[in-house]
Structure formats: structure tokens, C-alpha cells
Amino acid sequence: MRILLVANSSFKLINFRRTLIQQLQEDGHELIATAPRDEYTPEFARMGVKYVELPMDATGTSLVAEAKLLLKIFSITRSKKPDAVLGYTIKPNIYGALSARILGVPFVPNITGMGSVFDREDLLARLIKWLYRTAFRRCPRVFLQNPEDLSFFVKSGLISRQQAYLLPGSGVDLKNFHVSSLPGSGHSRTFVLVARMLREKGIYEFVEVARALSSSFPDARFVLLGPSGSGKSGALNEADMKKLTSDGIVEYRGAVKDVRPVVAEADCVVLPSFYREGTPRALLEAAAMGRPIITTTIPGCKDVVDDGRNGFLCKPKSAQSLETAMRQFLLMSEEAVDEMGKASRQLAEQKFDEQIVIDNYTSVLRDAAIKTSSNERRSEPLKLTSSQSEINQ
């Protein structure tokens, strides 16, 4: 099959879908990626994936710009004549699905989080819901990354229950992200927050707690890791980061292509997000590397933590709740901290293995191939894990 991948950044396809891409290639499929150009774009050529540039403002709302983007995605889809299209993130999902529907091509979207738009009831939120409902009507499957998002999409009538399938986020490559020993001991522990530098990721809460704890735990370290100045609403720029770290209590490491060395330095990975995540990749990678996790009760985040077993859950937007969790971690015995790390790896192996995601994609593509070749509407169901089956009944 010829498969078109559509996303709002080359970075996300390369970083989050690399193993899926490699598996699809091994299965004999021809892959074409279309996304905005960034520093990761040259990797497509090295992987043997054809690339078509897709200029896009991921957060823009100009009607003219959005119409041009829709026409561009339609033009690419029509010219490349794919047998199936896989979409990621809001605009590629909506415009890709609309284009594929017009052209009669199977489109499989992955809802990688709901963001903040669905927290509102304004005209834009209603428009996006209508676009989802219209675009996804003919999609054979719609992948979602946490039970709350799945329930919302079904109950809101954006998709049918038959279309909805739950994935364990983007999954994590358990071979690539392997366990390493926790580096600290006693009160000498390192907390690392891995995320884009957005207000909604709880950056300010993390810094506030670091300052509060530093006097009682002077040997503790607090590290921020991730890109700043993304242009997205709520993004923190370099000036913001310098102000937040000027007192030297929190260290900002910026963006890196390989997070593993920094996560290996961590005794605990923290994500105090109040952003509607799918299932945060940073937490999956932390779990795979055997790191205890502190995160919020926000959908997607909470699914990676068994509270008290492999980490702690705290309230979103609450520095006090976050401080309680981080202080509790610092007061734990070394044996208890080590057990938390082991529990994280076990959870990653049981629930978040990337192979679960790959198996579902290969199944739906096989289903699409059967439909295309036989021109029939019915085909065999996806092979699901027991937890997925329960949700989709």
C-alpha cells in the first residue's frame, strides 16, 4: 500500500512514530510524509520516506490561511494517490479526513489530546466539533489515547462507538528506553520536568515548588527540559525562562534531540500539567526508564501513575498539592524509591508497549486493503487487548 502520513510537525512524526514507520516499511508499504519543515525533516530521507512540505500555522485561525491549508492537503492527497492516510493533531486530522472523504480514501486519525479548545463553549469550539463530526463520519477507525477523550468524542456524537478505539498513547519503545539505576540518594534527588515550555504544562507551579523546597532540601535539584518559544498560546520564551531560572534554583536545559541522558539523571520525572493531554510521551518514556512519576489527575496524565505505587498524583493548577507530593518523595526511603522505579517499568511493559499501537495500525491497514481489493464494506475486526475490548463494547 501507499500510505500518506499527515502531521503538524516533522518532529512529531520522527520522534513519536519512528518505530511505526519502520514497521510499515518492513511490511512492504510505501510511505509519504507531509508536514511543516523543521530540523527533523532530513531524517525522512535517511529513513527512506518520501517527503512533501506542508506549510502550516498550527495555532492560527485565519479563515484564508485555513482554506489554503485545506486545499493544500487535498492537493497533496489527490496527487499522491495514497491507499490510506494516517493523521495526527487537530488540523491534519480534520483537513486530512475531509480531503480523504472527498477522494474516497480511508483516513485513520489519532486524537493526540484535546488541548484547551473543548474547555470552552464559544463559536470556535462549536465549529471544531462540527468539523470533527463531518470529517470523521467515514473514517473506519478513530484512535484515541485515553478513556476520557474516547468517552467525550462518543457522547458528543463526534464519532460512533464502533469507530472509537483506545490506544496506550503513542506507546513507548521498551528496547530503546531501558531501565537505569536511580542516581540520587537520601535528600539528594533530582526532579526533571520534560515538556514544551507552556504555562499549561505547570512550569510556574514547578518553579514555585522548587523555590519552596530548596531551603529545606538544599541538595535537591530541579531541572526543566524542553523547547521554549513555540509560538503556541501560553508558550514561554527565552526571556521568560531566564527570569524563572535567574536565582539558580531551577536549571533550564533547553531542547535536546535525545532525552534519555537527562531522564537518566532524574530520580523523579514531574509533569504538573493542566493541559488536556492525550497520554504524554514524556511520562511513558520516564516509566520505561524506571523513573517514579509525579503528575496531575488530568486525563491522560493520570493513566501513567498508579498513585502511591509508581508515583504520586496531585491536583492540577495547585502548587500546594504538587509541593506535598514532591516533599513526600524526598522523605521516602531509598528502598521505597527504588520500588517505585521498578513499578514504573512494570506498568510500561504491561500497558504502554509501543507494539500494541503498531499492531492496531497494521490491523486497520490490513482491513483497509481488504476493503479496497474486494470493494466490500465489512471486514474483520481489529485485534484488541482486553482493556480495549471492554471500552469499545
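Annotations for the structure displayed:
- Output for the range 222-243, where each listed residue is outside any loop (DSSP other than H, G, I, E, B), surrounded by fewer than 20 Cβ atoms within 10 Å (Cβ to Cβ) and not aliphatic (A, V, I, L, M): GLU238, ASP240, LYS242, LYS243
- Listed by first and then second residue, the pairs with beta-carbon distance under 8 Å, at least 6 apart or on different chains, first residue in the range 41-64 and at pLDDT below 85, second open to solvent by 80 Å² or more (accessible area, probe 1.4 Å), are THR59/SER233.
- The condition of being more than 16 Å from CYS139 (Cβ to Cβ) and modelled with pLDDT of 95 or more holds for only one of THR34, THR77, THR19, that being THR34.
- Selection from the range 282-300 of residues that are in a loop (DSSP other than H, G, I, E, B) and either in contact with a Gly (Cβ under 7 Å, 6 or more places away or on another chain) or within 17 Å of GLU349 (Cα to Cα) (or both): MET289, GLY290, ARG291, PRO292, GLY300
- ASN93 vs. criteria assigned to a helix (DSSP H, G or I), in contact with a strand residue (DSSP E or B) (Cβ under 8 Å, 6 or more places away or on another chain), of a type outside the set (Asp, Glu) and under 24 Å from PHE16 (Cα atoms): yes
- Residue list for the range 132-174, restricted to those being surrounded by fewer than 17 Cβ atoms within 10 Å (Cβ to Cβ), charged (D, E, K, R) and under 14 Å from GLU277 (Cα atoms): GLU148
- Just one of the listed residues (THR34, THR61) is within 16 Å of ILE94 (Cα to Cα), in contact with a Ser or Thr (Cβ under 9 Å, 6 or more places away or on another chain) and among the polar types (S, T, N, Q), namely THR34.
- Checking ALA264, ALA287 one by one, the residue that is closer than 22 Å to ALA336 by Cβ, in contact with a Ser or Thr (Cβ under 8 Å, 6 or more places away or on another chain) and surrounded by fewer than 24 Cβ atoms within 10 Å (Cβ to Cβ) is ALA264 and no other.
Here is a yes/no grid of residues against (1) under 12 Å from CYS268 (Cα atoms); (2) open to solvent by less than 50 Å² (accessible area, probe 1.4 Å); (3) modelled with pLDDT under 95; (4) touching a strand residue (DSSP E or B) at 6+ places or on another chain (Cβ under 6 Å):
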residue: GLY300; (1), (2), (3), (4): no, yes, yes, yes
residue: ASP306; (1), (2), (3), (4): no, no, no, no
residue: ARG309; (1), (2), (3), (4): no, no, no, no
residue: ALA319; (1), (2), (3), (4): no, yes, no, no
residue: LEU322; (1), (2), (3), (4): no, yes, no, yes
residue: ALA336; (1), (2), (3), (4): no, yes, no, no
residue: GLY341; (1), (2), (3), (4): yes, yes, no, no
residue: GLU354; (1), (2), (3), (4): no, yes, yes, yes
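The values are calculated or read from the model by the stated rules, or taken from the named source; none is laboratory data. As the structure is a computational prediction, the values presented were derived from the model and not from experiment. Cβ coordinates were reconstructed from backbone atoms using ideal geometry, including for glycine residues, and neighbour counts include every protein chain displayed. Accessible surface is based on the protein model in full, side chains and every heavy atom, while ligands, DNA and RNA are left aside. Shrake-Rupley method; radii C 1.70, N 1.55, O 1.52, S 1.80 Å.
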